[in-house]
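The values are calculated or read from the model by the stated rules, or taken from the named source; none is laboratory data. If you're wondering where the values come from, they're calculated on a predicted model, not measured in any experiment. As a convention, Cβ positions derive from the backbone with ideal geometry for all residues, glycine included, and neighbour counts pool all protein chains shown. Side chains are part of the model used for accessible areas, which takes the heavy atoms of the whole protein and leaves out ligands, DNA and RNA. Shrake-Rupley method; radii C 1.70, N 1.55, O 1.52, S 1.80 Å.
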Amino acid sequence: GQGAIVQEGVHKLAVYRDQDGKLHKVSAICTHLGCIVHFNPAERSWDCPCHGSRFDTNGKILHGPAPSPLTIINS
């Protein structure tokens, strides 16, 4: 149930480990204007501090203005 931003090479990833231990990795770059999302532990969401977009732990948009989901990163 924890999330963090991690650096993998030159890419920043938003990484979440669910209650079952499964790892979910998406791009940490918001699709609206390119800001880096932050993990919101209370809502278990990725939130953009720039304009309020919110994404679930799989990158799906919960609240805009982001035009598209976060890119899923396959391990």
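Among the residues of the stretch 26-68, those that are open to solvent by 70 Å² or more (accessible area, probe 1.4 Å), farther than 20 Å from GLU8 by Cα and in contact with a strand residue (DSSP E or B) (Cβ under 8 Å, 6 or more places away or on another chain) comprise PRO41, GLU43, ARG44, PRO49, LEU62, HIS63. Can you spot a residue in the stretch 52-59 that is of a type in the set (S, T, N, Q) and more than 10 Å from the chain's Cα centre (by Cα)? Yes - at least one qualifying residue is present in the stretch 52-59. Listed by first and then second residue, the pairs linking a residue in the stretch 14-34 that is of a type in the set (Asp, Glu) to a residue that is surrounded by fewer than 16 Cβ atoms within 10 Å (Cβ to Cβ) and at pLDDT below 95, with Cβ atoms under 9 Å apart and 6 or more places separating them unless they lie on different chains, are ASP18/GLY1.
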